[in-house]
Number of protein chains: 2
Amino acid sequence: MLSGENQKNPVKIGLLGCGTVGSGVVLLLRENGEHIAQRLGRNITIAKVLDKDFEKVKQLGVDPNIITSDFQQILNDPEIEIIVEVMGGIEPARSFILEALRNGKNVVTANKDLIAQSGRELFATAQQFQRDLYFEASVGGGIPVIAALKQSLAANKIESVSGIVNGTTNYILSKMSRDGEDYQFALSEAQRLGYAEADPSSDVGGHDAARKISILASIAFGARVTYSDVFVEGIEKISALDISYGNELGYVLKLLAIAKLDNDEIDVRVHPAFIPSHHPLAAVGEVFNGILIQGNFVGDIMLYGRGAGQRPTASAIVSDVMEVARNIQYGDTGRISCTCYADLKIKAFSDTHSKYYIRLLAQDKPGVLAGIAGAFGRNLVSLASVIQKRNYQEKAEIVLVTHTVREGNIQTALQELIGMDIVAEISNVIRVEGEDGR
Amino acid sequence: MLSGENQKNPVKIGLLGCGTVGSGVVLLLRENGEHIAQRLGRNITIAKVLDKDFEKVKQLGVDPNIITSDFQQILNDPEIEIIVEVMGGIEPARSFILEALRNGKNVVTANKDLIAQSGRELFATAQQFQRDLYFEASVGGGIPVIAALKQSLAANKIESVSGIVNGTTNYILSKMSRDGEDYQFALSEAQRLGYAEADPSSDVGGHDAARKISILASIAFGARVTYSDVFVEGIEKISALDISYGNELGYVLKLLAIAKLDNDEIDVRVHPAFIPSHHPLAAVGEVFNGILIQGNFVGDIMLYGRGAGQRPTASAIVSDVMEVARNIQYGDTGRISCTCYADLKIKAFSDTHSKYYIRLLAQDKPGVLAGIAGAFGRNLVSLASVIQKRNYQEKAEIVLVTHTVREGNIQTALQELIGMDIVAEISNVIRVEGEDGR
């Protein structure tokens with residue numbers, strides 16, 4: 001199906017980095033090369049690979065003559081039209097991408113840290129030079145969530161984007177929930193299986209999810225949302241006991257990334273949350289990601305798939321390369337420029353609203369429940385349920401679930417409780433989300 | 001954010017049909033018009049509406065001067081660049097679309113019947129005149145499944161596309177499952193709520209789903225698959241008893257549309273199927289649709305949302321219009337042409353493979369189970385479980401589940417059973433899918 005001219009004229013890419021993800025791109029182009037040429041009408045070939053580890057790249061079967069450790073060789077190769085950046089980290093990735101765009105090259109990247117931090121500068125440069133900067137692989141691996149927000153759902157005013165965007169923590173929480181294991185044990189198991197890194201803090205602390213939701217929020221609301229705008233709480237304090245109590249109440253625990261519009265302010269946060277067991281995101285288990293988008297016409301859309309890994313990430317990158325190649329062919333790179341047209345404020349976290357699950361230890365004597373309820377009442381926190389669970393260290397363990405209240409009010413109520421003689425310990429506080437289907 | 005020029009130069013569309021879906025387009029452009037203009041850089045305005053019911057359209061607030069019953073007025077309006085066809089049915093929609101493309105207009109349609117039947121002719125015409133023919137709304141309402149297959153997952157060899165693509169039958173089956181109701185009662189309830197039409201045969205007979213899966217299969221496999229290629233079986237024979245027995249076995253019943261590659265042949269079919277209760281599609285309830293795509297790099301992707309309705313369908317249509325408007329702006333309409341490059345055969349239905357749930361009535365006497373098992377064994381059908389459920393009309397009701405077998409073999413086994421004195425009735429046969437996660 002390929003005309004002779006197009007076979008002779010492949011799309012040439014420069015691959016920056018050939019680690020796990022870069023190797024995936026090499027494998028995909030090899031395994032699916034013919035398929036891609038049929039779909040696109042042109043072959044895609046890797047013209048140069050930037051990597052310091054020459055031997056590692058050679059062992060992938062890459063022609064040694066195209067491996068280089070000098071970015072300038074790629075930047076100054078006039079035949080390379082698309083740069084695929086899969087080095088990760090901020091520098092030198094940022095400088096390389098900026099130089100590439102200024103030199104008239106288009107860029108596909110999987111680098112969520114960079115997009116979340118330097119998105120403004122990168123997209124402005126792409127727009128200035130009318131080049132493409134695609135980044136589907138930066139959020140949700142192979143799940144087409146960026147394309148959905150930018151194009152397929154573009155007619156909607158997006159009301160919220162939320163979901164499970166970190167596979168490591170979802171694996172840990174799924175395992176804790178399924179096997180009743182505690183956090184440390186489940187984390188060790190995730191590390192043993194390669195789902196968690198030796199230093200897991202970026203994942204379990206919620207920072208990876210915060211970068212991803214800042215990217216999704218920026219696109220969804222047409223505003224500039226950065227990592228530092230996101231309230232972040234990790235899963236380190238979650239106990240098997242909380243998960244078990246939650247299950248009894250009909251909840252499943254997930255690390256949720258949430259971005260929603262509330263009176264023209266953006267409520268954006270990452271924290272553990274109980275969601276009803278019938279919620280669409282409750283069925284997203286193990287290392288899978290699930291992203292729920294709510295638009296004012298489309299209603300609820302959920303996208304589900306593997307949010308990380310060599311092959312799913314390569315799928316997103318090469319599909320992006322195909323789109324950019326079409327834009328190059330038609331001379332309209334930069335056709336969808338930065339969509340940050342709206343000037344929206346980030347909602348102060350103390351003004352956000354949620355329901356709360358609170359587990360505490362109190363004196364086991366008459367009047368204690370009334371005293372606790374009084375502290376909540378004085379802070380306008382209305383309780384949905386109060387259950388005494390067990391006696392522990394001669395104290396009564398009490399689990400409360402509130403109605404929807406303001407974050408600031410729950411915090412002052414908790415401060416007041418901590419100061420009361422009858423309360424020995426606030427053991428955990430976990431938000432409850434999604435009972436209104438949102 | 002709009003430059004003066006673009007405000008003066010809106011994208012003008014001609015709307016063919018102003019029923020439920022057409023009204024949705026009118027409402028969306030009114031409600032989200034400013035948002036769309038910010039995203040796109042141009043306004044979208046309806047220049048003319050084709051509808052015989054002048055009063056109905058006027059009551060929507062449409063300027064009476066732009067309502068017409070003469071298609072030629074739209075065809076010959078040089079300012080109209082995009083035709084939105086939401087009349088439904090084959091004619092005159094087919095002729096109107098062909099004339100529009102030949103006259104240099106781009107087309108967005110929600111018409112699954114027409115795409116499934118006349119896709120070849122329509123896409124060839126679009127390609128010949130280098131115009132866009134977009135049809136996201138034809139499958140899955142607002143769920144971006146066409147865009148995912150055509151663009152976001154384009155780097156993958158797609159192995160299968162399957163799912164729940166008909167909301168009416170999913171509502172009926174969900175209700176039967178939840179409330180233990182029989183088919184007729186659940187259907188009446190669906191009709192009362194407006195989820196099923198007075199003549200429900202297209203939905204409950206599986207024909208609507210067959211049209212949709214033929215469209216998805218064509219795109220997924222780059223081949224030409226039409227409605228007549230699809231094996232179709234509806235849900236009319238499903239009883240509450242089967243659903244209940246299936247639940248006991250850990251299954252949920254769904255009307256599945258399945259298209260998968262099997263040794264370079266396309267296995268494409270629509271039928272009721274039991275799937276494991278932990279399968280991602282099992283959680284797709286009520287009127288929702290869920291589509292599972294398996295690519296050789298991306299793995300499993302599921303897209304979930306409302307598969308029909310005025311507002312979700314309008315979301316897909318107007319998002320398509322925005323894409324087409326960008327193509328017009330950059331002079332590259334027709335940039336993604338027909339992707340039917342592969343010449344793949346449709347697998348003979350008797351050669352497809354599945355597991356089967358079989359419910360039958362047999363004589364209640366010694367040796368009967370051995371006799372039944374013998375008939376299966378002679379036809380190379382291996383049984384996974386055999387359970388005697390109850391006595392009914394002095395017969396024994398037996399439920400069997402097979403291992404994976406060839407369709408042709410199960411049919412000859414069933415013929416043999418029907419001819420045996422010990423078998424009074426084959427009460428129902430339902431395929432079991434998804435136990436391998438596929």
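When we screen A:I258, A:I238 for residues that are touching a strand residue (DSSP E or B) at 6+ places or on another chain (Cβ under 9 Å), of a type outside the set (G, A, S) and closer than 30 Å to A:L122 by Cα, the only hit is A:I258.
Among the numbered conditions (1) surrounded by fewer than 24 Cβ atoms within 10 Å (Cβ to Cβ); (2) modelled with pLDDT of 95 or more; (3) among the small types (G, A, S), the only one that B:S319 does not meet is (1). All told, A:I74 meets the bar of being over 26 Å from B:S152 (Cβ atoms) and in contact (Cβ under 8 Å) with a residue 60 or more places away in the chain.
Collect the residues in region A:392-433 that are touching an Asp or Glu at 6+ places or on another chain (Cβ under 8 Å) and of a type outside the set (S, T, N, Q), keeping them in residue-number order.
A:E394, A:K395, A:A396, A:R406, A:E407, A:G408, A:I430
Taking the criterion of being in contact with a helix residue (DSSP H, G or I) (Cβ under 9 Å, 6 or more places away or on another chain) and more than 8 Å from chain A (Cβ to nearest Cβ), the residues of region B:318-328 that qualify are B:D320, B:A325. Residues satisfying the criterion are present in region B:223-246 (criterion: touching a Cys at 6+ places or on another chain (Cβ under 8 Å), within 26 Å of A:P312 (Cβ to Cβ) and touching a residue at least 12 places away in the same chain (Cβ under 8 Å)).
Yes or no, residue by residue, for (1) touching a strand residue (DSSP E or B) at 6+ places or on another chain (Cβ under 9 Å); (2) in the same structural domain as B:V405 (by TED's automatic domain parsing):
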{"residue": "B:M302", "(1), (2)": "yes, no"}
{"residue": "B:V324", "(1), (2)": "yes, no"}
{"residue": "B:R359", "(1), (2)": "yes, yes"}
{"residue": "B:D364", "(1), (2)": "yes, yes"}
{"residue": "B:G367", "(1), (2)": "no, yes"}
{"residue": "B:G374", "(1), (2)": "no, yes"}
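A count restricted to region B:283-318 and to residues that are more than 19 Å from B:K260 (Cβ to Cβ) and β-branched (V, I, T) stands at 4. Per the listing B:K48, B:K52, the residue uniquely touching a Ser or Thr at 6+ places or on another chain (Cβ under 8 Å), exposed (fewer than 12 other Cβ atoms within 10 Å of the Cβ) and not aliphatic (A, V, I, L, M) is B:K52. The single condition among (1) assigned to a helix (DSSP H, G or I); (2) buried (at least 19 other Cβ atoms within 10 Å of the Cβ) that B:V401 does not meet is (1). As a summary of the residue check, B:F71 satisfies the conditions (1) closer than 16 Å to B:A314 by Cα; (2) surrounded by 14 or more Cβ atoms within 10 Å (Cβ to Cβ) except for the one numbered (1).
Being in a helix (DSSP H, G or I) and surrounded by 17 or more Cβ atoms within 10 Å (Cβ to Cβ) is the filter here; which residues of region B:190-202 pass it? Give the derivation first.
From region B:190-202, those in a helix (DSSP H, G or I) are B:190-192, B:201-202; that's our starting set.
B:A190, B:S202 - these are the residues of region B:190-202 that are in a helix (DSSP H, G or I) and surrounded by 17 or more Cβ atoms within 10 Å (Cβ to Cβ).
Taking B:A316 as the residue in question, decide whether it is in the same structural domain as B:R30 (by TED's automatic domain parsing) and out of contact with any strand residue (DSSP E or B) (no Cβ under 8 Å at 6 or more places or on another chain).
When the stated conditions are applied, B:A316 passes them.
Among the residues that make up region B:359-366, is at least one of them buried (at least 17 other Cβ atoms within 10 Å of the Cβ), over 30 Å from B:Y392 (Cα atoms), at pLDDT 95 or above and more than 9 Å from every other protein chain (Cβ to nearest Cβ)? No, that holds for no residue.
So that you can scan it fast, the table gives a plain yes or no per residue for (1) over 15 Å from B:S218 (Cβ atoms); (2) more than 20 Å from the chain's Cα centre (by Cα):
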| residue | (1), (2) |
| --- | --- |
| B:I80 | yes, yes |
| B:D113 | no, no |
| B:E121 | no, yes |
| B:L133 | no, no |
| B:S138 | no, no |
| B:G142 | yes, no |
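The combined condition, being among the polar types (S, T, N, Q) and touching a Phe, Trp or Tyr at 6+ places or on another chain (Cβ under 9 Å), is not fulfilled by B:N379. Tallying residues that are within 12 Å of chain A (Cβ to nearest Cβ), assigned to a helix (DSSP H, G or I), polar (S, T, N, Q) and buried (at least 24 other Cβ atoms within 10 Å of the Cβ) within region B:135-185 yields 1.
Taking the stated definitions as given, is A:S244 among the polar types (S, T, N, Q) and either crowded, with 24+ Cβ neighbours inside 10 Å or farther than 23 Å from A:R120 by Cβ (or both)? So A:S244 fits the description; yes. Of all residues in region A:336-346, those satisfying the criterion of being closer than 15 Å to A:I146 by Cβ and within 10 Å of chain B (Cβ to nearest Cβ) are A:I336, A:S337, A:T339. Among the residues of region B:239-297, those that are over 14 Å from B:N166 (Cβ atoms) and of a type in the set (S, T, N, Q) comprise B:S239, B:S244, B:N247, B:N263, B:S277, B:Q294, B:N296. Please tell me if A:A210 is surrounded by fewer than 24 Cβ atoms within 10 Å (Cβ to Cβ) and of a type outside the set (F, W, Y). Taking the combined requirement at face value, the residue does not satisfy it.
Residue count for region A:109-121 satisfying the condition of being under 16 Å from A:T333 (Cα atoms) and modelled with pLDDT under 95: 0. Within region A:25-47, residues that are within 10 Å of another protein chain (Cβ to nearest Cβ) have Cβ atoms under 6 Å from residues that are basic (K, R) in these pairs: A:N32/B:K157; A:H35/B:K157, counting only partners at least 6 apart in sequence or on another chain. The set of residues in region A:50-71 being of a type in the set (D, E) and in contact (Cβ under 8 Å) with a residue 24 or more places away in the chain consists of A:D51, A:D53.
Restricting attention to region B:404-438, the residues being surrounded by fewer than 20 Cβ atoms within 10 Å (Cβ to Cβ) and part of a loop (DSSP other than H, G, I, E, B) number 9. Take B:G295 and tell me if it is crowded, with 20+ Cβ neighbours inside 10 Å and under 20 Å from A:D300 (Cβ atoms). Judged against the criteria, B:G295 is not a match. For region A:338-377, a residue qualifies if it is more than 22 Å from A:G222 (Cα to Cα) and part of a loop (DSSP other than H, G, I, E, B), and the qualifying residues are A:D364, A:K365, A:P366, A:G367. Listed here are the strands (runs of 3 or more DSSP E) enclosed by region A:226-317 that have at least 2 residues being within 30 Å of A:E397 (Cα to Cα) and away from chain B (no Cβ under 14 Å): A:251-262, A:265-276.
The values are calculated or read from the model by the stated rules, or taken from the named source; none is laboratory data. In this text, all values refer to a predicted model and were calculated from it rather than measured experimentally. No Cβ is skipped: glycine too gets one built from the backbone with ideal geometry, and neighbour counts run over all protein chains shown.
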